[in-house]
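The values are calculated or read from the model by the stated rules, or taken from the named source; none is laboratory data. This is a predicted model, so every value here is computed, not measured. Here the Cβ positions follow ideal geometry from the backbone for every residue, glycine too, while neighbour counts run over all protein chains shown. To get the accessible areas, we keep the full protein, side chains included, count just its heavy atoms, and leave off ligands, DNA and RNA. Shrake-Rupley method; radii C 1.70, N 1.55, O 1.52, S 1.80 Å.
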Amino acid sequence: MRKPHILLVEDEVHIARGLVFNLESEGCAVTHVETGEDALTAAEGRGFALVVLDVMLPGIGGFEVCRRLRQRDPRLPILMLTARTEEGDRVAGLSAGADDYLTKPFSLEEFLLRVRGMLRRSEWYRPGALGGYRFGTNEVWLEEHRARTPRGEVQLTELDARFLRELFRNEGRVLSRTDLLATVWHLPPDAETRTLDNFVVRMRKYFEQDPAHPRHLHTVRGRGYRFTREGED
Ligand code: CA
């Protein structure tokens, strides 16, 4: 299998060095540049699997780089790193077209978790799969955020899509609450958990013929949830 190639845009060399080392240890190939100008040049005609982009850069700033990369390629996954925590900056990043962001300082674990998630998603997005993902009488188009269900067409939120992607990728396996909260909501293990229960209730209403007796999205008592593509009682 080809290594996923990541473009890292980070002017702080000591941070960059650590990230490069760890990404390479994860089996990625990394191109590291220190300025926005170099990032735009490096990305020219290259199919990167992911761009990790610092906001505070000398010269062209991260937001502007993000906007230009996004203009060229609407599907390129972009993870922004921001030193600032203001809500305004997150919004600016997301509206510049970033798919996700991490606020510095972040733990390495957090970073790698986010990178893995984004790489998996971009793999899932590989062009060519025109039909949706089918289970039961449902058909789901994750990329387009829509689904055909027993209750008609449903518009999916980004969270819905992330949740379903985790289920589909882990078909038949038990997903713990902790894993789901981390991968879908990016929440720590001790986070408030009613979120997940309420969410599952809503998903069952969409996708199960009889939400009270789910045949696809099963509760595994004390462990988490399990998705089966074939209906199971
Ligand atoms: Ca910086």
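Test residue 117 against the stated conditions and say whether it is surrounded by 18 or more Cβ atoms within 10 Å (Cβ to Cβ), touching a residue at least 40 places away in the same chain (Cβ under 8 Å) and outside the structural domain of residue 179 (by TED's automatic domain parsing). Spelling it out, residue 117 is indeed surrounded by 18 or more Cβ atoms within 10 Å (Cβ to Cβ), touching a residue at least 40 places away in the same chain (Cβ under 8 Å) and outside the structural domain of residue 179 (by TED's automatic domain parsing). Filtered by the rule that a residue be closer than 16 Å to residue 166 by Cβ and either open to solvent by 60 Å² or more (accessible area, probe 1.4 Å) or touching a residue at least 40 places away in the same chain (Cβ under 8 Å) (or both), the stretch 212-228 gives 216, 217, 219, 220, 223, 224, 225, 226, 227, 228. Selection of the stretch 64-78 for residues being under 18 Å from residue 11 (Cα atoms) and surrounded by fewer than 21 Cβ atoms within 10 Å (Cβ to Cβ) yields only 64.
If the condition is being open to solvent by less than 20 Å² (accessible area, probe 1.4 Å) and away from the ligand (no atom under 13 Å from the Cβ), then the stretch 29-41 contributes only 40.
Is it true that residue 41 is out of contact with any Gly (no Cβ under 7 Å at 6 or more places or on another chain), of a type in the set (Ser, Thr, Tyr) and assigned to a helix (DSSP H, G or I)? Criteria met by residue 41.
Taking the stated definitions as given, is residue 48 among the aromatic types (Phe, Trp, Tyr) and open to solvent by less than 70 Å² (accessible area, probe 1.4 Å)? For residue 48, the condition - among the aromatic types (Phe, Trp, Tyr) and open to solvent by less than 70 Å² (accessible area, probe 1.4 Å) - is met. The set of residues in the stretch 183-194 being farther than 15 Å from residue 158 by Cα and either in contact (Cβ under 8 Å) with a residue 60 or more places away in the chain or not charged (D, E, K, R) (or both) consists of 187, 188, 189, 191, 193.
Residue count for the stretch 1-11 under the criterion of being of a type outside the set (Lys, Arg), assigned to a loop (DSSP other than H, G, I, E, B), surrounded by 12 or more Cβ atoms within 10 Å (Cβ to Cβ) and modelled with pLDDT under 95: the result is 1. The listed residues are 159, 167, 187, 79, and the only one of them that is modelled with pLDDT of 90 or more and over 28 Å from residue 45 (Cβ atoms) turns out to be 167. Within the stretch 196-211, does at least one residue satisfy the condition of being in contact (Cβ under 8 Å) with a residue 24 or more places away in the chain and closer than 22 Å to residue 119 by Cβ? No, the stretch 196-211 contains no residue that is in contact (Cβ under 8 Å) with a residue 24 or more places away in the chain and closer than 22 Å to residue 119 by Cβ. Listed conditions (1) surrounded by 19 or more Cβ atoms within 10 Å (Cβ to Cβ); (2) assigned to a helix (DSSP H, G or I) are all met by residue 17, apart from (1).
Within the set 81, 53, the sole residue that is under 16 Å from residue 119 (Cβ atoms) and either hydroxyl-bearing (Ser, Thr, Tyr) or within 12 Å of the ligand (Cβ to nearest atom) (or both) turns out to be 53.
Do we have residue 59 as open to solvent by 20 Å² or more (accessible area, probe 1.4 Å), small (Gly, Ala, Ser) and part of a loop (DSSP other than H, G, I, E, B) here? So residue 59 fits the description; yes.
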